[in-house]
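**Student:** The structure is given below, and queries will be raised subsequently.
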Amino acid sequence: MDLKITDLTVASSSIRTDIASFRETVNNLDQHLTTVEDQVAAIPDQEEELRTLRAKITELEDRSHRDNVRFFGAPEQKEGSDIKAFLKSLLIDHFGIEYSPPLEFQRVHRIGPPHKASTNKPRPIIACFFRHEKPARLSLQPKHGARSPWKGTRLERLQIFLG
């Protein structure tokens, strides 16, 4: 009988140890569950913040592009060493655009790396104005009777995106 009592005592002790271990596991799971619930509850606020930040990024990108002019169709190397003067001349002489105050560019350059010699497609020119008077989105055709300044090419239309 003492043997049975000893066996029951050992079994009881083992059961208590297992129960204590299970309590600890349940407490840990409860803490993790609370953390996950808090994180899930924060998702709508984070989604709203993400929408707000994306809207701000879009607005900043739009503002950074609003003073840009993109010109397509000017053959490579026709601008010489002064691409700003080339573009001003093109806008005034061939498209009849007159501005007061005069056009001032922050920077003017071709977009992307030079194409291989086998490619005939010229890279676009992008020009960034110092300022603009009013927002506009224009698609300009060459002046009536204006001839292309480049032999063998057509004078392409100009797209200006301001604002």
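The values are calculated or read from the model by the stated rules, or taken from the named source; none is laboratory data. Since the model is a prediction, treat every value here as computed from it, not as a measurement. Cβ placement follows ideal geometry from the backbone for every residue including glycine, while neighbour counts extend to all protein chains displayed.
**Student:** Tell me which residues, restricted to the range 81-108, are part of a loop (DSSP other than H, G, I, E, B), at pLDDT below 80 and farther than 15 Å from Phe130 by Cα.
**Tutor:** Residues of the range 81-108 that are part of a loop (DSSP other than H, G, I, E, B), as a first pass: 81-82, 95-104.
Next, from what is left, pick out any that are at pLDDT below 80: 95-104.
Across the range 81-108, the qualifying residues are Phe95, Gly96, Ile97, Glu98.
**Student:** Here's a follow-up. Please work out if Arg70 is in contact (Cβ under 8 Å) with a residue 12 or more places away in the chain, touching a Gly at 6+ places or on another chain (Cβ under 7 Å) and of a type in the set (D, E, K, R). If you could, list the steps in order and put the result at the bottom.
**Tutor:** Details: in contact (Cβ under 8 Å) with a residue 12 or more places away in the chain: yes; touching a Gly at 6+ places or on another chain (Cβ under 7 Å): no; of a type in the set (D, E, K, R): yes.
The answer is no for Arg70.
**Student:** Looking at Ala41, Ala55, which is the one that is more than 22 Å from the chain's Cα centre (by Cα), exposed (fewer than 11 other Cβ atoms within 10 Å of the Cβ) and more than 28 Å from Asn120 (Cα to Cα)?
**Tutor:** On the way: Ala55 fails: more than 22 Å from the chain's Cα centre (by Cα).
Checking each option against the conditions leaves just Ala41.
**Student:** Still on this structure, I have one more. Condition (residue is aliphatic (A, V, I, L, M), closer than 17 Å to Ile125 by Cα and not in a loop (DSSP other than H, G, I, E, B)) applied to the range 70-80: is it met by at least one residue?
**Tutor:** In the first step, residues of the range 70-80 are kept if they are aliphatic (A, V, I, L, M); the result is 74.
With closer than 17 Å to Ile125 by Cα added as a condition, the list becomes 74.
So of that shortlist, the ones also not in a loop (DSSP other than H, G, I, E, B) come out as none.
No, every residue in the range 70-80 fails to be aliphatic (A, V, I, L, M), closer than 17 Å to Ile125 by Cα and not in a loop (DSSP other than H, G, I, E, B).
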